[in-house]
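K.L.:
The structure that follows is given in the form of structure tokens.
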Amino acid sequence: MKDFPLFRSARSGLAGLAIMVFPLIIFSLSSASAPLALMLTVMVLPAAACISGLVCGALPMAAGIMSGIFSMYLLAGPQGAQTAAVYLIPVLVAFIVVIVRRIPFWKGCAVMIGAHVAAMAGAYLMIQGFAGGQLFTLAGDWAADYLSKAEEGDQMLYVFYQYGLISLPEEMKETLLVPAAEGGYMMNAAARADLILSMRSLVNSLLATLVPTLLISQSILGGVACLALPLKYGAVAAQRRDFKQVIDDQKELQAPDFPDLSMPPVSLWHIPRGMGWKVGVCWLLGNFLQGAASAPAAIAGIILYAGSSALFTIQGISMINFLQKAKGSKKAWRIILPLLLYMVSLLSIVGIFDQITNLRGLRKPRQPKEE
């Protein structure tokens, strides 16, 4: 298959294996770095494997997916490997179908988003099945058990308390710390037990919010990233490989055999006017409903807010890229700055600002109605 040869080159294949496979396996060997391995598998590996498919070839792409499955096997045994397979394989299959069938870019993004939703929902249902339908409760119990037994448990509880993440009744605040026999202070046993209960409740509430947020937000952002990034960097690699030159961001060059899905430049992405106000209404409604007393209404608010924020985040990335290109920023900063803004949750605000102001002039002005 010309779109996915086994290896595009020995050098790129080895590089792809080194970047994806070895870090995941190494991080999975230690309990201290296990959360990092899990985060890389969920947040980074799907896009990295897709990029590898167009830059390095089919074998590095498959090796990346298999490394994620093996990593989760090391962390959680056969159940972890099964969950990783349910999460990773549908996304990879959808990507191959989009590329081979030459599905136009935005329709291809819709396919990738759908694959992400199905994969994440399937993985979540599988984990709930393994947990007997009590995932949130078991997670809270595990956190409470860990904090009650770990040497650094009291210190962690105190830090969470200081930052306001967990709380104590008013009558216990004065006696939280008591003098220790060997000098210094130790945590009062009754206060510790109450803080651990508060931590259990915090874990339950966080997961109840995090799961629908990840299902929608990560699916939208991940779906677009899993198609846009491979096309972008695959085109660069194809130009270097076939013509021995670096592609210019401002040119629409394509290698002869590289899949052309008519992806517009990132700097020109925008939400159409007719769709923009609907996304804005969803964002406002989601903000309002998130704090509702009714659980179904709160979940609906979380989903609306997560989905609309993800769309505005994509527009924010486009707006930042447009400004950076206009100022001639270096390519490294076109990656670093959006990541920094995303980490502090500002990209969606940038996207909302761009949608309201139309500074780039991408949306045509409304035509006056004829008399």
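K.L.:
Quick check on A81: is it more than 29 Å from D3 (Cβ to Cβ), in a helix (DSSP H, G or I) and among the small types (G, A, S)?
P.N.:
Numbers: more than 29 Å from D3 (Cβ to Cβ): no; in a helix (DSSP H, G or I): yes; among the small types (G, A, S): yes.
In short, no.
K.L.:
Another question about this same structure. Could you list all residues from segment 123-173 that are hydroxyl-bearing (S, T, Y) and in contact (Cβ under 8 Å) with a residue 12 or more places away in the chain?
P.N.:
Y124, T137, S148, Y158, Y161, S167
K.L.:
What are the residues in segment 296-316 that are in contact with a Gly (Cβ under 9 Å, 6 or more places away or on another chain) and farther than 10 Å from T213 by Cβ, if any?
P.N.:
A298, A300, G301, L304, S308, L311, F312, T313, I314, Q315, G316 - these are the residues of segment 296-316 that are in contact with a Gly (Cβ under 9 Å, 6 or more places away or on another chain) and farther than 10 Å from T213 by Cβ.
K.L.:
Here's another thing I want to ask about it. Just checking: which of the helices (runs of 4 or more DSSP H) contained wholly in segment 1-74 hold 1 or more residues that are more than 20 Å from L231 (Cα to Cα) and touching a residue at least 40 places away in the same chain (Cβ under 8 Å)?
P.N.:
Answer list for segment 1-74: 10-28, 34-39.
K.L.:
State which residue is farthest from I99 (Cα to Cα) when the search covers only segment 203-237 and only residues that are among the hydroxyl-bearing types (S, T, Y) and buried (at least 19 other Cβ atoms within 10 Å of the Cβ).
P.N.:
S217
K.L.:
Next up: If you take the residues of segment 45-76 that are at pLDDT 90 or above and of a type in the set (V, I, T), which of them is surrounded by the most Cβ atoms within 10 Å (Cβ to Cβ)?
P.N.:
Across segment 45-76, the extreme among qualifying residues is I51.
K.L.:
Taking G351 as meeting all but one of (1) over 20 Å from the mean Cα position of the chain (by Cα); (2) under 18 Å from P265 (Cβ atoms); (3) modelled with pLDDT of 90 or more, write down the number of the exception.
P.N.:
That leaves (1) as the condition not met.
K.L.:
Exactly one of (1) over 13 Å from M199 (Cβ atoms); (2) assigned to a helix (DSSP H, G or I); (3) at pLDDT 85 or above is unmet by A139. Its number?
P.N.:
(1)
K.L.:
Further question: Does any residue of segment 185-202 turn out to be closer than 28 Å to I299 by Cβ and exposed (fewer than 15 other Cβ atoms within 10 Å of the Cβ)?
P.N.:
Among the residues of segment 185-202, at least one is closer than 28 Å to I299 by Cβ and exposed (fewer than 15 other Cβ atoms within 10 Å of the Cβ), which makes the answer yes.
K.L.:
Looking only at segment 1-19, count how many residues are modelled with pLDDT under 75 and either over 28 Å from the mean Cα position of the chain (by Cα) or not aliphatic (A, V, I, L, M) (or both).
P.N.:
Residues flagged as modelled with pLDDT under 75 and either over 28 Å from the mean Cα position of the chain (by Cα) or not aliphatic (A, V, I, L, M) (or both) within segment 1-19 amount to 7.
K.L.:
Something else now. Name the residues in segment 13-28 that are out of contact with any Leu (no Cβ under 8 Å at 6 or more places or on another chain) and buried (at least 22 other Cβ atoms within 10 Å of the Cβ), would you?
P.N.:
G16
K.L.:
Yes or no: segment 277-300 includes at least one residue that is of a type outside the set (A, V, I, L, M, F, W, C) and touching a residue at least 40 places away in the same chain (Cβ under 8 Å).
P.N.:
Checking segment 277-300: at least one residue is of a type outside the set (A, V, I, L, M, F, W, C) and touching a residue at least 40 places away in the same chain (Cβ under 8 Å).
K.L.:
Still on this structure, I have one more. What's the total number of residues in segment 147-160 that are surrounded by fewer than 14 Cβ atoms within 10 Å (Cβ to Cβ) and either within 26 Å of the chain's Cα centre (by Cα) or part of a helix (DSSP H, G or I) (or both)?
P.N.:
Step one: list which residues in segment 147-160 are surrounded by fewer than 14 Cβ atoms within 10 Å (Cβ to Cβ), which gives 149-152, 155, 159.
Pick out the ones that are also either within 26 Å of the chain's Cα centre (by Cα) or part of a helix (DSSP H, G or I) (or both) and you get 149, 155, 159.
Summing the residues that are surrounded by fewer than 14 Cβ atoms within 10 Å (Cβ to Cβ) and either within 26 Å of the chain's Cα centre (by Cα) or part of a helix (DSSP H, G or I) (or both) in segment 147-160 gives 3.
K.L.:
If you scan segment 80-100, which residues turn out to be without any contact (Cβ under 8 Å) to a residue 40 or more places away in the chain and within 20 Å of A225 (Cβ to Cβ)?
P.N.:
Listed by number, the residues that qualify are I89, P90, V93, A94, V97.
The values are calculated or read from the model by the stated rules, or taken from the named source; none is laboratory data. As the structure is a computational prediction, the values presented were derived from the model and not from experiment. Cβ: placed from backbone, ideal geometry, glycine included. Neighbour counts: every protein chain shown.
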